[in-house]
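Note sheet for the following structure.
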Amino acid sequence: GGDNTITYQWQYSTDNTFATGVTTVANNTATYTPTQTLTQTTYYRRQAHDGTCNTSFTTSTNTWTVTVRPVFTAGTISNTGQTICSGTVPTTQIGSTTNASGGDNTITYQWQFSTDNTFATGVTTVASNTATYTPTQTLTQTTYYRRQAHDGTCNTSFTTSTNTWTVTVRPVFTAGTISNTGQTICSGTIPTTQIGSTTAASGGDNTITYQWQYSTDNTFATGVTTVANNTATYTPTQTLTQTTYYRRQAHDGT
């Protein structure tokens, strides 16, 4: 219309009323391909005038909306962790402090565990598409768990969530070893030699409790007497008239 000498300009704004934050693009074409890197939903409009009858820019009908999906975040998992005994399965659920979100919000999760806290080696992926996870593995070493997530459009590769869940595995309990040198005495006397500890009991939570037992039955199937003596070594105090066998027992606190 007018004299048909048409001039165009394009404008965009994050305000769909174009009342604030309007940027004008010097692009004198009827069509326009945006060149802006966008982090917010943005609205585009075209304006035009001719050279004689309508010399001020008038806005064309319609607005073009570029809907910007929110930034993807892989979220955060709990880092409380759990401590277990060797050879057992963790029982505590690894919680989701913050779920993954953003992008197109079609979220896929996977879980991984490793005995390497950097996850550089020995990583096993668990096919568990959930924001939380309860381990099912029988563990003999301290093991680390992490969650990864992606959405379906903006971040299609797995990204690791914040935090690592550590399952601390206590060392295997061992009752240790006592000396087996033995002693020979005369009937009706008391042994004088201390029963030594070749290897102390250890492992578990390392809160070790000992007891000592003796019997005239070397299989300890009958006639067993328990001595309340919580030490790794023991010196017998019994007056003996028969060959007698001593053994140590131990446990940890957990």
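Round to a whole number: what % of the accessible area of region 1-141 belongs to carbon and sulfur, probe 1.4 Å?
Numbers: 3820 of 8180 Å².
Here it works out to 47 percent.
Quick one: compute the contact order of the chain, relative version, from alpha carbon pairs under 8 angstrom and 6+ residues apart, as a percent. Please report the intermediate quantities before stating the final value.
Working: 598 pairs, mean separation 35.2, N = 254.
Computed value for the chain: 14 percent relative contact order.
Please find, in a Gaussian network model of the chain (springs between Cα atoms separated by less than 10 Å), the residue of Thr233, Thr91, Thr55 whose mean-square fluctuation is greatest.
Looking only at Thr233, Thr91, Thr55, the largest GNM fluctuation is found for Thr55.
So between Ala200 and Ile185, what do we pick up on full extension, going 0.36 nm a residue minus the alpha carbon distance? Please list the in-between numbers first.
On the way: separation 15, 0.36 × 15 = 5.40 nm, distance 2.66 nm.
Taking 0.36 nm per residue and subtracting the Cα distance, the gain is 2.7 nm.
In Å², what does the accessible area per residue of region 21-75 work out to with a 1.4 Å probe? Mind showing how you got there, number by number?
On the way: 3690 Å² over 55 residues.
Result: 67 Å² per residue.
Once the dipole of the chain is set up with Lys and Arg at +1 and Asp and Glu at -1 on Cβ about the Cα centre, which of Asn16, Ala74, Thr219 lies farthest towards its positive end?
Thr219
Could you state the principal axis extents of the C-alpha atoms in the chain, from the largest down, to the nearest angstrom?
Here the Cα extents, ordered largest to smallest, are 134, 28, 25 Å.
May I ask you to compute the full-extension gain from Thr80 to Gln238, defined as 0.36 nm times their residue separation minus their alpha-carbon distance, rounded to one decimal in nm? Display every interim value, and only then the final one.
Working: separation 158, 0.36 × 158 = 56.88 nm, distance 5.11 nm.
That works out to 51.8 nm of additional length.
May I ask you to compute the full-extension gain from Val172 to Thr138, defined as 0.36 nm times their residue separation minus their alpha-carbon distance, rounded to one decimal in nm?
Full-extension gain reported as 10.9 nm.
Using 1/(1 + (r/R0)^6) with R0 = 41 angstrom and r between the beta carbons of Thr61 and Thr162, what's the FRET efficiency to the nearest 0.05?
0.30
Which whole-angstrom value gives the distance between the alpha carbon centres of region 108-183 and region 49-83?
Computed from Cα coordinates, the inter-centre distance equals 40 Å.
Where does each of 218-227, 97-106 land if you order them by average Cβ count within 10 Å, highest first? Mind dumping the intermediate values first?
Working: 218-227: 11.1, 97-106: 15.8.
Put in order of decreasing packing, that is 97-106, 218-227.
At R0 = 35 Å, how high is the FRET efficiency between Val123 and Thr153 if r is their beta carbon distance? Nearest 0.05 is fine.
Working: r = 26 Å, r/R0 = 0.75.
Working from the Cβ atoms, E equals 0.85.
The values are calculated or read from the model by the stated rules, or taken from the named source; none is laboratory data. This structure is a prediction, so every number in the text was calculated from the model and none was measured. Cβ coordinates were reconstructed from backbone atoms using ideal geometry, including for glycine residues, and neighbour counts include every protein chain displayed. Keep in mind that these areas ignore ligands, DNA and RNA; they rest on the heavy atoms of the full protein, side chains included. Shrake-Rupley method; radii C 1.70, N 1.55, O 1.52, S 1.80 Å.
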